[in-house]
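**Student:** What follows is a structure written as structure tokens; I'll ask about it next.
The values are calculated or read from the model by the stated rules, or taken from the named source; none is laboratory data. A quick note: this is a predicted structure, and the numbers were derived from the prediction, not measured. Reconstructed Cβ throughout: ideal geometry from the backbone, glycine too, with neighbour counts over all protein chains shown.
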């Protein structure tokens with residue numbers, strides 16, 4: 001389905017959905033796309049419900065005409081009618097089940113795609129306050145639950161509703177007196193659904209949240225399993241995970257107890273009503289006021305009504321769970337994108353200039369998760385086009401924040417960041433980031449092969465271009481020694497490679513992207529001396545004619561920079577060349593003395 005249609009529909013979603021099953025109305029946004037199949041499923045549902053009701057008349061005919069008149073011929077005719085109705089019922093059930101199951105799978109897939117498509121566009125600040133494990137749980141577990149509801153439970157609820165209503169009508173046609181008993185009693189059967197409904201929904205939501213917590217916790221521990229085992233914290237994590245599981249189980253027990261109580265009360269009322277009707281109907285048959293076939297048909301319809309109401313009461317709990325799941329998914333779809341481009345962006349400056357000037361002008365910024373701590377304060381620098389500027393300073397000085405802001409993962413609270421003369425807020429974020437290449441200190445590799453990870457820098461690159469990039473990053477030699485070369489599977493987060501090898505894959509990715517702006521976050525920190533020498537040569541060639549920003553902890557790697565900026569507590573305290581800063585900046589001189597000793601001062 002067209003993702004634009006899904007996103008436009010998703011934009012209509014609001015999070016105010018606390019009424020009983022009001023959340024489920026959002027599913028209609030996705031179901032309505034498949035109106036033809038939905039209508040066909042509904043017609044099949046009505047057809048099978050009609051065939052079910054006709055079976056009651058078939059039973060009446062069998063008893064009164066076949067058994068009552070002691071006629072083999074009438075008996076044969078009655079059985080043929082019953083078999084014909086059964087065949088039609090089976091065919092209708094096949095069509096209904098297939099179409100409804102198809103709708104469940106299709107809508108579940110569409111919602112999953114819509115949620116993921118929205119999530120990957122959200123700004124990083126969203127993920128500071130929302131755990132990735134819970135987000136994954138919503139995309140997988142909650143959508144799977146909706147698939148079950150749409151493909152099974154919802155169909156059961158509609159079918160049971162139709163047969164229950166149809167059964168009531170047929171009860172009226174069969175015997176008015178018994179029907180009046182049903183009319184009086186049915187509201188009593190529905191009462192438990194109303195009384196327990198809100199509580200079941202609330203507990204269902206709590207249960208799903210607790211299960212998401214379990215998955216999130218387990219995912220985090222597995223991701224950091226080496227750290228867990230290195231610190232011999234296996235027993236601690238076992239106990240902590242067990243507490244999470246038991247908490248989820250406790251919440252689930254409350255939900256199950258409430259649902260079980262609701263179903264128990266409904267079943268008690270339904271079969272008590274059935275017993276009373278059988279007693280009254282049996283007396284009428286004995287007294288000759290109605291035939292045995294009428295009583296059998298009435299009992300059949302009464303059972304349909306009873307089972308329909310019982311099924312609805314059971315499915316009601318599932319619908320409550322679906323409402324809770326829908327709430328959680330709607331919250332993700334309704335999450336606002338804090339970083340958006342202008343409706344009519346100007347000419348793309350980043351694409352128009354191969355070596356754009358980067359400037360920060362009196363930028364002040366606080367992270368959303370730390371609103372009281374200033375990451376940058378009144379910060380201003382200019383990186384001339386094609387020049388290399390290094391950023392140095394103690395941890396927490398704001399160096400990485402500069403990289404985050406330049407990629408527009410966040411917007412500053414005040415000040416401006418420009419490419420040339422254009423504020424980056426006037427550029428499309430994707431067009432901006434397409435011109436930037438980043439080599440982080442801790443490279444992110446995907447669960448794929450070597451070639452796929454390198455090609456992430458340019459999905460259209462040929463195999464030859466991928467190899468050329470690897471050669472430039474001094475990665476080709478170790479890649480061809482891997483079991484399947486460039487097709488070698490790297491495992492989760494590149495776990496099968498060493499730190500230095502992962503770094504060189506990340507450098508090759510940046511080389512392949514061929515950006516006009518390059519940002520290096522201590523890109524050679526994970527390399528041994530020999531590899532560092534070769535990669536430094538590759539980086540020296542890479543930065544030529546590119547506007548470059550380098551975060552450096554080892555000052556020996558930035559001596560070639562055109563300018564070095566010294567940061568402290570989010571402020572620019574000095575700038576200049578290495579030799580100039582040794583004389584003008586006490587902080588830089590101190591950092592240099594730690595690394596070079598007295599020979600630098």
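**Student:** Among the candidates 155, 101, 160, 117, single out the residue that is modelled with pLDDT of 75 or more, buried (at least 19 other Cβ atoms within 10 Å of the Cβ) and in a helix (DSSP H, G or I).
**Tutor:** Details: 155 fails: modelled with pLDDT of 75 or more; 101 fails: buried (at least 19 other Cβ atoms within 10 Å of the Cβ); 117 fails: buried (at least 19 other Cβ atoms within 10 Å of the Cβ).
Matching residue, one of 155, 101, 160, 117: 160.
**Student:** So if I check each of 559, 490, 567, which one is over 26 Å from residue 222 (Cβ atoms), modelled with pLDDT under 85 and in contact with a helix residue (DSSP H, G or I) (Cβ under 7 Å, 6 or more places away or on another chain)?
**Tutor:** On the way: 490 fails: over 26 Å from residue 222 (Cβ atoms); 567 fails: modelled with pLDDT under 85.
It is 559.
**Student:** Find all pairs meeting these conditions: Cβ atoms under 6 angstrom apart; at least six residues apart or on different chains; first residue within region 302-329 and assigned by TED's automatic domain parsing to the domain that holds residue 260 and under 25 Å from residue 176 (Cβ atoms); second residue buried (at least 23 other Cβ atoms within 10 Å of the Cβ) and modelled with pLDDT under 70.
**Tutor:** Once the first residue is assigned by TED's automatic domain parsing to the domain that holds residue 260 and under 25 Å from residue 176 (Cβ atoms) and sits in region 302-329, its partners that are buried (at least 23 other Cβ atoms within 10 Å of the Cβ) and modelled with pLDDT under 70 give 309/189.
**Student:** If you don't mind, another one. If I filter region 300-311 for residues that are closer than 30 Å to residue 140 by Cα, modelled with pLDDT of 70 or more and surrounded by 14 or more Cβ atoms within 10 Å (Cβ to Cβ), do I get at least one hit?
**Tutor:** yes
**Student:** Give region 425-449 a look and list any residue that's under 18 Å from residue 521 (Cβ atoms) and loosely packed, with under 15 Cβ neighbours inside 10 Å, or say none. Spell out the reasoning first.
**Tutor:** Kept after step one, since they are under 18 Å from residue 521 (Cβ atoms), are these residues of region 425-449: 433, 435-445.
Those that are under 18 Å from residue 521 (Cβ atoms) and loosely packed, with under 15 Cβ neighbours inside 10 Å: 442, 444.
**Student:** Is one or more of the residues making up region 119-128 within 9 Å of the chain's Cα centre (by Cα) and not assigned by TED's automatic domain parsing to the domain that holds residue 405?
**Tutor:** Keep residues of region 119-128 that are within 9 Å of the chain's Cα centre (by Cα), which gives 119.
Next, from what is left, pick out any that are not assigned by TED's automatic domain parsing to the domain that holds residue 405: 119.
Looking for residues that are within 9 Å of the chain's Cα centre (by Cα) and not assigned by TED's automatic domain parsing to the domain that holds residue 405, one finds at least one in region 119-128, hence yes.
**Student:** Are there helices (runs of 4 or more DSSP H) fully within region 458-522 with at least 2 residues that are touching a residue at least 40 places away in the same chain (Cβ under 8 Å) and surrounded by 17 or more Cβ atoms within 10 Å (Cβ to Cβ)? List them. Step through it out loud before you land on a result.
**Tutor:** Details: elements: 463-472, 476-479, 499-513.
Those helices (runs of 4 or more DSSP H) span 463-472, 499-513.
A quick yes/no check of all residues on (1) in the same structural domain as residue 386 (by TED's automatic domain parsing); (2) touching a strand residue (DSSP E or B) at 6+ places or on another chain (Cβ under 8 Å):
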residue	(1), (2)
422	yes, no
428	yes, no
450	no, no
465	no, no
482	no, no
497	no, no
501	no, no
507	no, yes
510	no, yes
